[in-house]
């Protein structure tokens with residue numbers, strides 16, 4: 001089982017070559033196809049399952065700070081700023097954020113100067129498939145002497161790296177995206193260097209793999225390059241590819257657990273109290289038979305409150321899985337959030353994974369190859385249906401087999417459907433069924 005991936009986004013540069021545009025806004029927030037450049041990296045990190053990231057902040061700091069707050073409030077991922085009164089350099093930013101690796105197995109390092117369709121999920125999978133501590137994205141550069149150029153051996157290991165060579169020996173260029181083991185990240189931090197390209201990357205030659213990316217990858221550091229990106233964006237963004245999940249991926253039924261699949265028991269901790277809600281199993285069989293993945297996404301604040309343990313949660317889930325299997329139903333995944341809420345408002349996102357935050361749905365989509373835009377969220381609480389809305393699911397359905405929303409919650413906004421139970425919800429998605437409940 002892999003550990004957590006985190007990310008540091010290098011976005012604090014002045015953007016002097018983009019003036020006068022960057023006299024009024026930071027380079028990382030320049031719009032492309034109506035969205036800030038940084039927003040595309042947030043999407044790609046979330047699609048790869050990254051849940052926590054930091055961005056260094058310097059130029060037009062208040063604008064970046066406001067963007068960071070909006071991203072975290074949206075639940076796409078937990079984004080924090082690392083303010084630099086004076087720019088520290090790419091390697092210096094890592095030294096100032098050495099603690100980011102604590103609790104992670106890998107850290108993704110991203111230069112936000114690039115507009116790219118890179119699939120970070122595939123890059124993470126490649127990194128975890130080899131034994132070297134460092135993976136560098138490479139692309140074919142039209143002007144190699146302006147880039148850092150790598151040479152690879154037959155296994156894909158970097159055997160030479162030269163920053164901006166006068167006489168390039170190839171065109172495989174550093175793409176400014178790296179995946180590094182936590183220990184390697186700490187090693188970089190301990191160097192107290194300034195620049196990754198000149199001072200750090202040469203020290204990893206011989207223990208770093210190159211990952212060539214054949215898709216779109218463009219440094220938008222000049223006015224001409226930015227205009228090129230804006231011309232290319234409509235065609236690029238219409239292609240299927242990694243977003244929060246995968247366009248064209250498998251549709252899913254995201255399911256709340258208590259009050260939706262099994263009967264609601266307050267802070268359920270005893271497997272003996274697990275009972276399927278009547279009709280739940282045949283409804284799930286219908287959805288699976290129609291090609292839907294079945295994924296349970298459940299808030300479990302009792303863990304955060306110290307009332308039950310992760311082991312007890314596992315036993316309860318195992319019993320639910322056993323009872324479903326006896327009815328011919330298999331789940332594709334179970335995701336839980338142990339965080340206790342910050343208050344009583346079920347419509348407020350207090351943690352990206354805790355519903356109504358979309359984090360569990362987006363992580364499942366990234367890990368299981370699902371398409372949230374073709375998927376449905378089904379649950380008995382307002383936080384469930386809002387999680388589906390926040391994940392941009394095709395639809396959300398509120399079932400009336402558990403806790404019903406209060407009048408204030410019912411008017412919280414968002415379009416969702418209401419069904420008596422899971423069979424009725426499946427009927428809304430698939431049409432009526434003649435299969436009897438049992």
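The table below gives the values:
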item: Scan of the range 338-355 for residues that are crowded, with 20+ Cβ neighbours inside 10 Å and out of contact with any strand residue (DSSP E or B) (no Cβ under 7 Å at 6 or more places or on another chain), ordered by number; result: 346, 349
item: Meets criteria (without any contact (Cβ under 8 Å) to a residue 40 or more places away in the chain, surrounded by fewer than 15 Cβ atoms within 10 Å (Cβ to Cβ) and in contact with a strand residue (DSSP E or B) (Cβ under 9 Å, 6 or more places away or on another chain)) for residue 146; result: yes
item: Any hit, the range 322-339, residues being more than 25 Å from residue 375 (Cβ to Cβ) and under 29 Å from the mean Cα position of the chain (by Cα); result: no
item: Cβ pairs under 6 Å, 6+ apart, first in the range 121-139 and closer than 22 Å to residue 197 by Cα, second in a helix (DSSP H, G or I); result: 133/184; 134/184; 134/204; 135/127
item: Qualifying positions in the range 314-337 - under 30 Å from residue 75 (Cα atoms), assigned to a helix (DSSP H, G or I) and touching a strand residue (DSSP E or B) at 6+ places or on another chain (Cβ under 7 Å); result: 317, 320
item: Single condition residue 38 does not satisfy, out of (1) without any contact (Cβ under 8 Å) to a residue 60 or more places away in the chain; (2) part of a helix (DSSP H, G or I); (3) touching a helix residue (DSSP H, G or I) at 6+ places or on another chain (Cβ under 7 Å); result: (1)
item: Helices (runs of 4 or more DSSP H) contained in the range 338-411 and holding at least 2 residues without any contact (Cβ under 8 Å) to a residue 24 or more places away in the chain; result: 407-410
item: Test result for residue 366, touching a helix residue (DSSP H, G or I) at 6+ places or on another chain (Cβ under 9 Å), assigned by TED's automatic domain parsing to the domain that holds residue 263 and surrounded by fewer than 20 Cβ atoms within 10 Å (Cβ to Cβ); result: no
item: Matching residues, the range 151-182, being in a strand (DSSP E or B) and within 26 Å of residue 101 (Cα to Cα); result: 157, 158, 161, 174, 175, 176, 177, 178, 179, 180, 181
item: Residue check, residue 371 over 23 Å from residue 405 (Cα atoms) and more than 18 Å from the chain's Cα centre (by Cα); result: no
item: Residue check, residue 189 under 24 Å from residue 7 (Cα atoms), over 24 Å from the mean Cα position of the chain (by Cα), in the same structural domain as residue 33 (by TED's automatic domain parsing) and not in a strand (DSSP E or B); result: yes
item: Positions within the range 200-224 being assigned to a helix (DSSP H, G or I), in contact (Cβ under 8 Å) with a residue 60 or more places away in the chain and either at positive phi or surrounded by fewer than 18 Cβ atoms within 10 Å (Cβ to Cβ) (or both), in sequence order; result: 223
item: Residues of the range 276-291 that turn out to be touching a helix residue (DSSP H, G or I) at 6+ places or on another chain (Cβ under 8 Å) and either free of Cβ contacts under 8 Å to residues at least 60 places away in the same chain or within 18 Å of residue 403 (Cβ to Cβ) (or both), as a count; result: 3
item: Neighbours by Cβ (under 6 Å, 6+ apart or cross-chain): first from the range 103-117, assigned by TED's automatic domain parsing to the domain that holds residue 234; second assigned to a loop (DSSP other than H, G, I, E, B) and surrounded by fewer than 23 Cβ atoms within 10 Å (Cβ to Cβ); result: 104/4; 105/3; 113/221; 117/215; 117/216; 117/241
item: One residue from 428, 386, 422 being over 17 Å from residue 297 (Cβ atoms) and modelled with pLDDT of 90 or more; result: 428
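To keep it simple, each residue is scored yes or no on (1) surrounded by fewer than 14 Cβ atoms within 10 Å (Cβ to Cβ); (2) modelled with pLDDT of 85 or more; (3) under 18 Å from the mean Cα position of the chain (by Cα).
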site	(1), (2), (3)
124	no, yes, yes
150	no, no, no
157	no, yes, no
170	no, no, no
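The values are calculated or read from the model by the stated rules, or taken from the named source; none is laboratory data. The model shown is predicted, which means the values in this text are computed figures rather than measured ones. Methodologically, a virtual Cβ is constructed for each residue, glycine included, from the backbone with ideal geometry; neighbour enumeration extends over all protein chains shown.
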